[in-house]
Amino acid sequence: MGFRLFMLLVVMFPLCFCVDAACSNRNCKLNDKCSSNGACGAGLYCFSCPFGSLGSRCVRSSITDQFKLINNSLPFNKYAFLTTHNSFAIDGEPSHTGVRRVTITNQEDSVTQQLKNGVRGLMLDTYDFDGEVWLCHSFQGQCYDFTAFEPAIDALKEIEAFLSANPAEIVTLILEDYVKTPKGLTKVFTEAGLMKFWFPVTRMPKGGGDWPLVSDMVAKNQRLLVFTSVRSKEQSEGIAYQWNYMVENQYGDGGRRAGSCPHRAESSPLDDKSKSLVLVNYFRSAPLKSITCKDNSEGLINMLQTCHGGAGNRWANYVAVDYYKRSEGGGSFKALDTLNGKLLCGCNDVHACVAGSTSQAC
Ligand SMILES: *[C@@H]1O[C@H](CO)[C@@H](O)[C@H](O)[C@H]1NC(C)=O
C-alpha cells in the first residue's frame, strides 16, 4: 500500500467511524442512533420502531421511580404505575406441558425483568389446570395444554423475590380469574411466600376515600395488592373484587378509539368517584408487535388525556400496555412520567416536581 493511500485511510477511517456512531459504549442518549444495547446509556436500549424515525435509536427501557425521585408520603392513589397486559404471555417461554403452545404473546421480558424495569402492575390470567393454578391464555375459562404458559407459582415466586429484595416497592396484581377450586388462589399465594406482603381488603377504601399512605404501606410491609375478577372471593378468600375499588376503561380495540373512553362492562362508569383507583387499558384485541411502538407513543398519551376527562378529571393510576418497552423514544415510560407529574404537582413531567427543577414541563 502506498504511503499516500495509507495516510488517506488513516484520515478517513476515524471520520467514517464518527459519522456512523457519534456515541458508543453506554454514552448514547435518548433518540441517538445506536448499533447495540451496549451503546445506550442507563435506562435505555437500542431499538428500531419500523413505523417511526428510520433506524435503530436508544429508547427508554425503564421507569422513573417516583418514590425515589419525589417521596412516598402521599396516599397510594396519588401515584401512577406501569402495568403489563398479560404479563405472563412472554415470547420464548418454553412449553411446560410438553405440547407446543399455539397462542399469542403480549410481552417480551420475564416477570423479573419487567419488575426490574419498573413495571408495578401485572395482569395475570389464572386457571385451574392439571391440579394446580396456571397462567394461561385461553377461551371460555378453560386452559389447554396448548394455551398454558406456566404454573402460577413460578411467576409468584419471582414477585416474592422482587418484593423481598426491594422493601420500598409495591406491586399490584390484577387477576382475570377462572380458578374455581375453593381457596385455590390462597393456597398458591401461601406457597409462593407472598402472604407476608398481603395488603388486607379491610384497609382498602370504600366509597372513594384516599388509600393509606405509601410510606405507611411500606412500614407495615403491606406491599402486595391483589384484585380478582370474581366478586365472591372478596368474601370467601379476602381477595379484593377489582371493581369495588377501581374503574376501568374498555380493553382491546374498543379502548383505542380516539376521543372516547368507555368503561368495560364489569366496571362502573369512569367518573364514578366512589372508586379511588383508575385503570386505563391501551392495547389491541390482537397484539401487533411491530406496530406497538407506535401505539405506546402518541396514541397512548392521547388516550390518557381522553380518559382523564372521562374519569371526572382524574389521571390514571394504572396504565396497561402490550410489549411495554416498545416505543419511538419515551413510550409508556414517558406516559408514566406525565401521569406522575400531573398527579404529584400538576406538571407534565414528574421531573418538574423536584424542588428547584429547571424543567420546562410545568
Ligand atoms: C411529597 O411530595 C409531594 C408532591 O410533590 C408534596 O406535596 C409533599 O409535601 C411531599 N412530602 C414530603 C414529606 O416531603
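General remarks:
- Scan of the range 92-151 for residues that are surrounded by 16 or more Cβ atoms within 10 Å (Cβ to Cβ) and touching a Lys or Arg at 6+ places or on another chain (Cβ under 6 Å), ordered by number: Asp128
- Which listed residue, of Glu158, Glu176, Glu248, is assigned to a helix (DSSP H, G or I) and either out of contact with any Lys or Arg (no Cβ under 8 Å at 6 or more places or on another chain) or within 26 Å of Ser268 (Cβ to Cβ) (or both): Glu158
- Condition check for Glu328 on (1) in a loop (DSSP other than H, G, I, E, B); (2) more than 23 Å from Asp91 (Cβ to Cβ); (3) modelled with pLDDT under 95: one failure, at (2).
A quick yes/no check of all residues on (1) closer than 27 Å to Phe47 by Cβ; (2) out of contact with any Leu (no Cβ under 6 Å at 6 or more places or on another chain):
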{"residue": "Gln66", "(1), (2)": "yes, yes"}
{"residue": "Asn72", "(1), (2)": "no, yes"}
{"residue": "Ala80", "(1), (2)": "yes, no"}
{"residue": "Phe88", "(1), (2)": "yes, no"}
{"residue": "Glu93", "(1), (2)": "yes, yes"}
{"residue": "Val99", "(1), (2)": "no, yes"}
{"residue": "Asp109", "(1), (2)": "yes, yes"}
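- Qualifying residue in the range 307-322 (condition: under 27 Å from Glu108 (Cβ atoms), away from the ligand (no atom under 14 Å from the Cβ) and in a helix (DSSP H, G or I)): yes
- Candidate set from the range 64-92 (those that are of a type in the set (Ser, Thr, Tyr) and within 16 Å of the ligand (Cβ to nearest atom)); member that is farthest from Thr103 (Cα to Cα): Ser73
- Looking at Leu279, Leu339, Leu304, just one residue is within 16 Å of the ligand (Cβ to nearest atom) and within 20 Å of Phe76 (Cα to Cα), and that residue is Leu339.
- Residue check for Pro262: free of Cβ contacts under 8 Å to residues at least 60 places away in the same chain and either assigned by TED's automatic domain parsing to the domain that holds Val119 or of a type outside the set (Val, Ile, Thr) (or both): yes
The values are calculated or read from the model by the stated rules, or taken from the named source; none is laboratory data. Since the model is a prediction, treat every value here as computed from it, not as a measurement. Neighbour counts are summed over all protein chains in view; Cβ atoms, including those assigned to glycine, are modelled from backbone coordinates with ideal geometry.
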